[in-house]
């Protein structure tokens, strides 16, 4: 055993040698295709046509006007379009030209593109169009907008995510778009990150379960090929380790051990591949000094050889360019192109010029990249087109073909997801639910804003342009006025970062019974969303403190895309509610919860920090938190992972294990009784954790192994059970392979705990 301490894992060594690999003349043995139709197409293609299929352009490049400054209304420029498709043979286009379009405009734009591709190009292959439909078809006007991914995870109900993804696919395909750059499968381990809200939280199992649900919703059943006109190709992103950056700043370096890479960041992608995900987007950052876009060990050895992924791998926005300009591993764009293609990319999201195509053609003609390498990527691209039913004909829909677009049923689901996601964190003296007959003052920057409710990726990239808000949907203020007509008053009080009419709010507070203070942050994502600390803005903190001084009960509602520190406010507030970014129908769901029509059932899918510089995950190691000699306890979250309250008195009891000893090939059943002692129906997430008491690699204090969500009628009990096997007890060993070691394991559900032994004999 002692020898194992000094063994360098092969994966680690390979990382150290990657520079040699990428700079060498090594040529992999590229596999041959297996589809005669696709092989025949590839055989007809010139080098230029193959490179064109690997090129993805921004819609702006083929529209009237300048890039990022298109003429309104946006329309295709025939000359630019023909240059892209006929001269450069471009095979894919993405994006929305800056803002959402009605379906009719989408179909006109994409129809114009496909008409040139199908009638004027030599091989008549349609263009593969992609979009970021992140929480609904957010770039299609009047579509159904769901809560953001992080909020969906708070439901602890993956079935709701599957249904939301199914509707998103339907409404995206209704606009003629067959490829969705979603879901985000990154495990978010730094809450500073601007894309934290786009993830399913900090836990690998959560990311895996919800990611799988999303992929099935987007694509349909794994066997559902070709994909029908109501589904889209999913894109798992961002492979790999994007959520583990050290600083929390977007697209910045991550330093991830090989064990952690495999134990935390890889499982969600492995599950997605097993679920049939057709495409993948690559991490824009770097891991241990190697940009992922230039990392052959990740993009080929791990992704292709080990995980067996056969689909299309697309770069993120400008990320080959960034190999030169940002990462500085290539002296020029031509060398950056060489590194990325050799590493394993299939398609380059260029997105605004033809330099990738130019340099890749040169590299092939110079013999530095063999034409057979192009064949591999082109085969993957054409295979995706065939699986989508657009290899020979784009088959654009008509508006009338989608009668359930933004239907009442879709809207109800969006509201129900929001209702199950909203998480009650504090409720002193049973302040909630509110009596709608009481006088309620609604205030704060999120009180009367649709942009804060929806977040980024809402009609525009950053989601901050209220011009595109759906005015028919309710803000929190409007929803509260519906449920408490005549008893709700309003004053903004402050914006996100400045006071507006503080004195007016304080004056109004004198005649109210309770204050609903709606705080949060402006929508943002990616680099524009970088922040320097997690503190809720000083303005908002001071504002809430002034409200507390009035002596009136303050209900603090947090409308956030990541957890903002509220340590100095919590004790003074009568109740705290985490609303996340609940979407177009989130205000209605929130009002239902605040007045008691709905019993809250959300739970935190992350550890809510109490301090700026104490960011510790729930599945931390023992040494990270406690030193018995000095009495230090570093793990002091504001609220822990999985935490949330309801209006019911729910208790757990009678924890039982089917055996005290688990052997290889056997299963262990864990059962318990869950009781609702209240007069309200309740939806209760039940989370099962295990703890390996001792292991050859330091164990976590606990890890989530299973969860379910049940509905309990008033005054009722239910016995539920989970099943564990040896694979769920495994960890990544020193040889970077899963291992389950003999020893004692704890099962933890709520405050209940039981112990069993795993034995090989």
Subject >> 235, 207, 573 arranged by Cβ crowding within 10 Å, fewest neighbours leading >> reply: 573, 235, 207
Subject >> Backbone N under 19 Å from the residue 757 label point (7 Å along Cα→Cβ), restricted to the range 692-713 >> reply: 692-696
Original post:
So, by mean Cβ neighbours within 10 angstrom, what's the order for 130-142, 537-549 with the highest one leading?
Top reply: 130-142, 537-549
**OP:** Please sort 209-222, 463-476, 171-184 by packing, taking for each peptide the average over its residues of neighbouring beta carbons within 10 angstrom, highest first.
**Re:** 171-184, 209-222, 463-476
Original post:
So, in Å, what gap is there between the alpha-carbon centers of the range 207-239 and the range 649-671?
Top reply: 33 Å
**OP:** Report the FRET efficiency, 1/(1 + (r/R0)^6), for residue 399 and residue 47, where r is their Cβ-Cβ distance and R0 is 35 Å, rounded to 0.05.
**Re:** 0.30
Original post:
Which whole-angstrom value gives the distance between the alpha carbon centres of the range 600-645 and the range 268-342?
Top reply: 33 Å
Original post:
Going by average Cβ neighbours within 10 Å, how do the peptides 593-606, 718-731, 386-399 rank, with the highest at the top?
Top reply: 593-606, 386-399, 718-731
**OP:** Specify which labelled value, from (1) 30.3, 97; (2) 26.6, 80; (3) 32.8, 110, agrees with Rg and Dmax of the Cα atoms in Å derived from the coordinates of the model shown.
**Re:** (2)
**OP:** Quick one: P(r) of the range 650-758 from all Cα-Cα pairs, 10 Å bins, percents rounded to integers, in order of increasing distance.
**Re:** 14, 44, 27, 12, 4, 0
**OP:** Could you work out how far the C-alpha centroid of the range 114-189 sits from that of the range 502-542, in angstrom?
**Re:** 32 Å
Original post:
So for the chain: antiparallel DSSP bridges make up what percent, rounded to the nearest 5?
Top reply: 55 percent
Original post:
Taking neighbour Cβ counts within 10 Å as the exposure measure, how do 80, 124, 761 sort from fewest upward?
Top reply: 761, 124, 80
**OP:** Run the numbers on the range 28-167 and let me know its relative contact order in percent, using alpha-carbon pairs under 8 Å that are six or more apart.
**Re:** 18 percent
**OP:** Provide 451, 708, 661 in ascending order of the number of other Cβ atoms located within 10 Å of each residue's Cβ, fewest first.
**Re:** 661, 708, 451
Original post:
Could you state the principal axis extents of the C-alpha atoms in the range 422-594, from the largest down, to the nearest angstrom?
Top reply: 41, 35, 29
Original post:
Could you work out the helix-only [θ] at 222 nm for the chain, with each DSSP H run of four or more residues adding -39,500 (n - 2.57) and the total divided by the number of residues, to the nearest 500 deg cm²/dmol?
Top reply: -7500 deg cm²/dmol
Original post:
According to a simple spin-label model (label point 7 Å from Cα along Cα-to-Cβ), what is the distance in nm between residue 465 and residue 34?
Top reply: 4.5 nm
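Computed from the coordinates by the stated procedures, all read-outs in this text should not be read as laboratory data. The shown structure was predicted, so the numbers you read here are calculated from the model rather than taken from an experiment. For neighbour counting, all protein chains shown are included, and Cβ atoms are generated from backbone atoms with ideal geometry for every residue, glycine included.
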